[in-house]
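Heads up: the structure comes next, in structure tokens.
The values are calculated or read from the model by the stated rules, or taken from the named source; none is laboratory data. This one's a predicted model, so the numbers in the text were calculated from it and none came from an experiment. Cβ coordinates were reconstructed from backbone atoms using ideal geometry, including for glycine residues, and neighbour counts include every protein chain displayed. Just the protein is used for accessible areas: all its heavy atoms, side chains included, with ligands, DNA and RNA removed. Shrake-Rupley method; radii C 1.70, N 1.55, O 1.52, S 1.80 Å.
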Amino acid sequence: VSGKYPQQPVIAVGAVVMHQNRILLIRRGREPARGEWAIPGGRVELGETMREAAAREVMEETCVSIHPGELVYFFETIRPDPDGRIRFHYAIFDFMAQYLEGEPNPRDDAMDARWVSAAEADTYNLNIKTRDLLNRIGFINIQTLLATKQR
């Protein structure tokens, strides 16, 4: 299911996974934000809790096993097409997650998956919401964010 032209908002989740002072990022293989780097995640399936969905999505996209914890970020993505029809509408809930095991191996709709340091993250084409999230949790510095916007 692509999420294009939904009949109602789609609930989705993401997971902030830290391991050895690095964060797990994926390069998105699908719209919205195709080609941008973001935390792993995806849509919640019927009958699944949001935390269960976060653990499943991280495993499907990266082969990394996690235990989702606290909700740390929420945002919506609403994107119309040129005719004004709603092409995408996601309500996205991001959780902090405990790393359990596994090494990043991109699968499903991830074009790439890897552990990234804060310094490296600044050089990546981060999705704007991911950049804001990483700033809010203190992973990247606000000065870095401001310098990046001025480039």
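For the pair ARG107 and GLN7, label points projected 7 Å from Cα toward Cβ lie 3.1 nm apart.
Computed extension gain for LEU71 through ILE86, at 0.36 nm per residue and net of the alpha carbon distance, reaches 2.7 nm. The structure-derived value of Cα extents along the principal axes in Å appears in the list [x] 41, 32, 23; [y] 121, 31, 27; [z] 41, 39, 26 under the label [z]. Secondary-structure-derived ellipticity at 222 nm for the chain, considering helices only, amounts to -6500 deg cm²/dmol, per-run term -39500 (n - 2.57) for DSSP H runs with n ≥ 4.
Would you calculate the separation in nanometres between label points at GLU120 and GLU31, each defined as 7 Å from the Cα along the Cα-to-beta-carbon direction? So the label points at GLU120 and GLU31 sit 3.0 nm apart.
Modelled spin-label separation between GLN20 and ARG79, with each label point placed 7 Å from Cα along the Cα-to-Cβ direction: 3.4 nm.
Which percent, to the nearest 5, of DSSP beta bridges fully inside the chain are antiparallel?
Values: 26 of 36 bridges.
The antiparallel fraction comes to roughly 70 percent.
The length gained by stretching the chain between LEU100 and THR49 to full extension, at 0.36 nm per residue less their Cα-Cα distance, is 16.4 nm.
Using a 1.4 Å probe on the protein chains only, how many percent of the accessible area of the chain belongs to carbon and sulfur?
Values: 3970 of 8280 Å².
Ligands and nucleic acids excluded, carbon and sulfur give 48 percent.
Amide H to amide H, with H built 1.01 Å from N, GLN98 comes under 5 Å of HIS67, GLY69, counting only residues 5 or more places away or on other chains.
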